[in-house]
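**Student:** First the structure, which I've put down as structure tokens, then a few questions once you've had a look.
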Amino acid sequence: MTVQESHQNVLDIFAAITSVVGEDGWAEGTESEWNGCSSQSGAGAQFMLTAIRNQPLPGTPEDLTKQVAETLGSKLGMKGIRVQHDETLSPRRTVIGYPNGYNGGTAADGYGLQFQTDPGFVGVIIYGHCVPGGPPKLGTPLNPRPADLWQERASVHVRVADRTDR
């Protein structure tokens with residue numbers, strides 16, 4: 001997998017989630033960054049996206065989370081996602097974690113997803129695959145400067161619609 005493919009994979013996961021939850025309400029709570037990592041005993045890059053949506057859900061947390069898990073499985077091949085509950089949070093949250101269950105850690109290359117809902121909240125953390133190479137240079141299309149993030153977010157939502165309808 002290349003740096004570009006790892007980046008696109010994270011965007012595809014977010015697109016699948018927003019296709020279920022809705023595309024509105026994410027802008028202020030969405031951030032992304034590139035980090036260095038170790039890939040095959042050499043320099044690597046990992047893209048990470050965090051997103052928060054503080055709006056009423058289009059269904060119950062349980063139903064919505066099940067739909068997200070099914071969509072990730074059918075559209076992206078993310079099989080075996082378990083819907084769980086975190087009783088330590090208030091209010092209680094319906095959660096999923098991939099690939100090792102909620103709070104179960106990431107894959108060996110750092111890849112993973114945490115998703116949680118309550119009646120008026122959705123939180124997502126997506127850790128892309130650590131791939132050979134370095135993080136893209138700041139100011140490039142894969143790593144826009146902070147001033148360009150609004151434009152990047154707008155294009156993510158365009159890509160979301162394009163990619164989830166296939």
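**Student:** I'd like the full set of residues that are of a type in the set (Gly, Ala, Ser), open to solvent by 30 Å² or more (accessible area, probe 1.4 Å) and either modelled with pLDDT of 95 or more or not in a loop (DSSP other than H, G, I, E, B) (or both), limited to region 1-40.
**Tutor:** Residues satisfying the conditions are Ser19, Ala27, Ser32, Gly36, Ser38.
**Student:** Search region 106-118 for residues being closer than 29 Å to Ser38 by Cα and in contact with a Pro (Cβ under 9 Å, 6 or more places away or on another chain), and hand back the single one that is most open to solvent (accessible area, probe 1.4 Å).
**Tutor:** First, the residues of region 106-118 that are closer than 29 Å to Ser38 by Cα: 106-116.
With the extra rule that they be in contact with a Pro (Cβ under 9 Å, 6 or more places away or on another chain), the set shrinks to 106-107, 111-113, 116.
Values: Thr106: 63, Ala107: 32, Tyr111: 22, Gly112: 2, Leu113: 3, Gln116: 36 Å².
Only one residue tops the list, namely Thr106.
**Student:** Please count how many residues of region 41-52 are surrounded by 13 or more Cβ atoms within 10 Å (Cβ to Cβ) and of a type in the set (Gly, Ala, Ser).
**Tutor:** Initially, region 41-52 is screened for residues surrounded by 13 or more Cβ atoms within 10 Å (Cβ to Cβ), giving 43-52.
After this cut, where a residue has to be of a type in the set (Gly, Ala, Ser) as well, the list is 43-45, 51.
Final tally of qualifying residues: 4.
**Student:** Among the residues of region 83-96, write down those that are polar (S, T, N, Q) and either surrounded by 12 or more Cβ atoms within 10 Å (Cβ to Cβ) or under 30 Å from Asn143 (Cβ atoms) (or both).
**Tutor:** Gln84, Thr94
**Student:** Being in contact with a His (Cβ under 8 Å, 6 or more places away or on another chain) and among the small types (Gly, Ala, Ser) is true for just one of Ser6, Ser90. Which residue is that?
**Tutor:** Ser6
**Student:** Additional query: I'd like to check which strands (runs of 3 or more DSSP E) are fully inside region 69-138 and have at least 3 residues that are over 30 Å from Gly42 (Cα atoms) and over 17 Å from the mean Cα position of the chain (by Cα).
**Tutor:** 84-86
**Student:** On to the next question. Read through the list (1) touching a strand residue (DSSP E or B) at 6+ places or on another chain (Cβ under 6 Å); (2) modelled with pLDDT of 85 or more; (3) among the polar types (S, T, N, Q); (4) more than 23 Å from Gly22 (Cα to Cα), then give the number of the only condition that Asn100 fails.
**Tutor:** Result: Asn100 fails condition (1) only.
**Student:** Now for a different question. Is it true that some residue in region 57-66 is outside any loop (DSSP other than H, G, I, E, B), aliphatic (A, V, I, L, M) and under 27 Å from Gln4 (Cα atoms)?
**Tutor:** No, region 57-66 has no match at all.
**Student:** Out of Gly133, Gly110, I need the residue that is at positive phi and in contact with a helix residue (DSSP H, G or I) (Cβ under 9 Å, 6 or more places away or on another chain). Which one?
**Tutor:** Numbers: Gly110 fails: in contact with a helix residue (DSSP H, G or I) (Cβ under 9 Å, 6 or more places away or on another chain).
When all the criteria are applied, what remains is Gly133.
**Student:** Working only within region 53-82, note down all residues that are touching a strand residue (DSSP E or B) at 6+ places or on another chain (Cβ under 8 Å) and crowded, with 16+ Cβ neighbours inside 10 Å.
**Tutor:** If the condition is that a residue be touching a strand residue (DSSP E or B) at 6+ places or on another chain (Cβ under 8 Å) and crowded, with 16+ Cβ neighbours inside 10 Å, then Arg53, Leu57, Pro61, Leu64, Thr65, Val68, Ala69, Leu72, Met78, Ile81 are the ones that fit.
The values are calculated or read from the model by the stated rules, or taken from the named source; none is laboratory data. The shown structure was predicted, so the numbers you read here are calculated from the model rather than taken from an experiment. All Cβ positions, even for glycine, are placed from backbone atoms using ideal geometry, and neighbour counts span all protein chains on display. To get the accessible areas, we keep the full protein, side chains included, count just its heavy atoms, and leave off ligands, DNA and RNA. Shrake-Rupley method; radii C 1.70, N 1.55, O 1.52, S 1.80 Å.
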